[in-house]
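Only the coordinates and a few stated rules stand behind these numbers; no lab work does. Keep in mind that this is a model prediction, so the values were computed, not measured. Every residue, glycine among them, receives a Cβ derived from its backbone with ideal geometry; neighbour counts consider all protein chains shown.
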Amino acid sequence: SQTIHQWPATLVQPVGSPLSLECTVEGTSNPNLYWYRQAAGRGLQLLFYSVGIGQISSEVPQNLSASRPQDRQFILSSKKLLLSDSGFYLCAWSVTGPRGELFFGEGSRLTVL
Amino acid sequence: GDSVTQMEGPVTLSEEAFLTINCTYTATGYPSLFWYVQYPGEGLQLLLKATKADDKGSNKGFEATYRKETTSFHLEKGSVQVSDSAVYFCALYSNNAGNMLTFGGGTRLMVKP
């Protein structure tokens, strides 16, 4: 069966520090991968999605970046965090093709102080 | 573009009360519709889905019917439990949006014993 792992689960970082959140998927090949952010009390904002290794599409201009160095690995990064980067970050995957169903990781809660 | 509108929360109910969370959508073509649930501190899980008009999705006592004429997909449950307390997201998928879901803003449900 397919599983998705996301870490770290909780992170407290000072403003201006770097960030790296990692997500891996097991049990499937060539998944579509996504990073979402959920700010406190708000809905989901799609940040990045990827349909293949090295292929990243950005939905929102920001100081975050994403990379997909391997088929089932998706990394969210920042060189310098801002206070507004605080939130709950969710990684998700879907099968290729028009199906629509997403499978989410457990999330990473980032607090920038 | 595609959009999903949900009733704003929080919705506060007593145990065994009837639940309705409204969801309406705007999309071209024939989207698939989903309800996701997010329990406290966790990622999202698919609750139910419907892929064509008049389909009824159901799971764990929750139901939603795909109403094309009213472009709605309201979530209902006849008798809620404290364990149903969570945030509920309505979402749609259409071929016009690539391989991405469009989410509503989420509705927080609080069930009191």
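Okay, residues lined up against (1) within 11 Å of chain A (Cβ to nearest Cβ); (2) more than 14 Å from the chain's Cα centre (by Cα); (3) not charged (D, E, K, R):
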residue: B:ASP2; (1), (2), (3): no, yes, no
residue: B:GLN6; (1), (2), (3): yes, no, yes
residue: B:GLY9; (1), (2), (3): yes, no, yes
residue: B:SER14; (1), (2), (3): no, yes, yes
residue: B:PHE18; (1), (2), (3): no, yes, yes
residue: B:ILE21; (1), (2), (3): no, no, yes
residue: B:THR28; (1), (2), (3): no, yes, yes
residue: B:TYR36; (1), (2), (3): yes, no, yes
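For segment B:5-13, the condition holds for at least one residue, the condition being that it is surrounded by 13 or more Cβ atoms within 10 Å (Cβ to Cβ), part of a loop (DSSP other than H, G, I, E, B) and touching a residue at least 60 places away in the same chain (Cβ under 8 Å).
For segment B:52-104, the candidate set comprises residues that are among the polar types (S, T, N, Q) and assigned to a loop (DSSP other than H, G, I, E, B); within that set, the residue that is nearest to B:PHE34 (Cα to Cα) is B:SER94.
Among residues that are part of a strand (DSSP E or B), hydrophobic (A, V, I, L, M, F, W, C) and over 14 Å from the mean Cα position of the chain (by Cα), A:VAL51 is not included.
If the condition is being within 13 Å of chain B (Cβ to nearest Cβ) and either within 22 Å of A:THR111 (Cβ to Cβ) or within 12 Å of the chain's Cα centre (by Cα) (or both), then segment A:1-20 contributes A:ILE4, A:HIS5, A:GLN6, A:TRP7, A:ALA9, A:THR10.
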